[in-house]
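Notes for the one structure printed next.
The values are calculated or read from the model by the stated rules, or taken from the named source; none is laboratory data. Given the structure is predicted, the values throughout are model-derived calculations rather than measurements. Reconstructed Cβ throughout: ideal geometry from the backbone, glycine too, with neighbour counts over all protein chains shown.
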Amino acid sequence: MDLQLNGKTAFVSGSTQGIGLAIARSLAKEGASVILNGRSENKVNEAVARLQQAIPGAAISGIAADFSKAEDVKVLLEKLPEIDILVNNAGIFEPKPFTDITDEEWFKFFEVNVMSGVRLSRHFLPKMLAKNWGRIIFISSESAVNIPEEMIHYGTTKTAQLGVSRGLAELTKGTDVTVNTVMPGPTKSEGVADFVKQLGAANNQSFEEAEKDFFKTARPTSLLQRFASVEEIANLVTYVASPLSSGTNGSALKVDGGVAKFII
């Protein structure tokens, strides 16, 4: 299927590894020019080189910015060109007991997970509306509707993303601009893989055994009963970013392996 992304320019925040990098790779394979982002210049350059090697001839570039710092975001916006596709993927997570989460940590999670997308969307949505085409995609999580007891601060920020995304979609009425949210479930990104390996090591288990136990105890409603690959998430995001998805707007699209037991 031709997703008609040739000639489109995309910016993917938090895209030097994991889901973000997979999204960038998928968009580039479909012909989009892609701008990567990470906190450090070295990581951005490494990711750009990896994609250029994997997809010869692809238009890949990168800009470093730390989304926990408003000044970094301001500089980033000054450097970014006009874009057609904005993927708000930057985010942080950390398992932590609720009573141990400080005010400062709550604010940090909102700064990175919520305000990153707010600031980027505030800048680019008017430009997209002016040219009557654009895609804004928030990468939320099934944790937005199944708040994990071990990461209440994280889950709450993911719920906030759903609200921001739906509200922005209301501003696109009658245009060819869409705003949607994609909600991954447990995904085998680098950070999650390391976390599961640590769990396994603590219990003298292999990764496979620890993964099986995780879904038995922590995510028993999963129909997939395994971690999704980052490519499985990127496939849906790439479609939503394409002109072919013009009938999908204001939606929260699950790619969670069936973890969330509700019908939308």
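Out of everything in the stretch 127-145 that is in contact with an Asp or Glu (Cβ under 9 Å, 6 or more places away or on another chain) and not hydrophobic (A, V, I, L, M, F, W, C), what residue ends up being nearest to Ile92 (Cα to Cα)? Of everything passing the filter in the stretch 127-145, Ser141 is nearest to Ile92 (Cα to Cα). Contact map, the stretch 78-100: first residue surrounded by 20 or more Cβ atoms within 10 Å (Cβ to Cβ), second residue of a type in the set (Lys, Arg) and not in a loop (DSSP other than H, G, I, E, B), Cβ cut-off under 8 Å, separation 6 or more or different chains; pairs are Asp84/Arg135; Ile85/Arg135; Leu86/Arg135.
Residue check: Ile263 meets all listed conditions (1) crowded, with 20+ Cβ neighbours inside 10 Å; (2) modelled with pLDDT under 95 but one, namely (1). Checked against (1) under 23 Å from Ala252 (Cβ atoms); (2) at pLDDT below 95, Ala70 passes all but a single condition, namely (1).
Given the options Thr221, Thr217, Thr238, name the one that is among the hydroxyl-bearing types (Ser, Thr, Tyr), surrounded by 14 or more Cβ atoms within 10 Å (Cβ to Cβ) and at pLDDT below 95.
Working: Thr217 fails: surrounded by 14 or more Cβ atoms within 10 Å (Cβ to Cβ); Thr238 fails: at pLDDT below 95.
One residue alone meets the criteria, Thr221.
So which residues in the stretch 125-143 are surrounded by 22 or more Cβ atoms within 10 Å (Cβ to Cβ) and either among the hydrophobic types (A, V, I, L, M, F, W, C) or more than 29 Å from Lys188 (Cβ to Cβ) (or both)?
Applying the first criterion (surrounded by 22 or more Cβ atoms within 10 Å (Cβ to Cβ)) to the stretch 125-143 yields 128, 134-143.
The answer is Met128, Gly134, Ile136, Ile137, Phe138, Ile139.
Only a single criterion out of (1) assigned to a helix (DSSP H, G or I); (2) more than 30 Å from Gly247 (Cβ to Cβ); (3) more than 21 Å from the chain's Cα centre (by Cα); (4) not basic (Lys, Arg) is not satisfied by Glu111, namely (3). Checked against (1) buried (at least 18 other Cβ atoms within 10 Å of the Cβ); (2) out of contact with any strand residue (DSSP E or B) (no Cβ under 6 Å at 6 or more places or on another chain), Asp194 passes all but condition (1).
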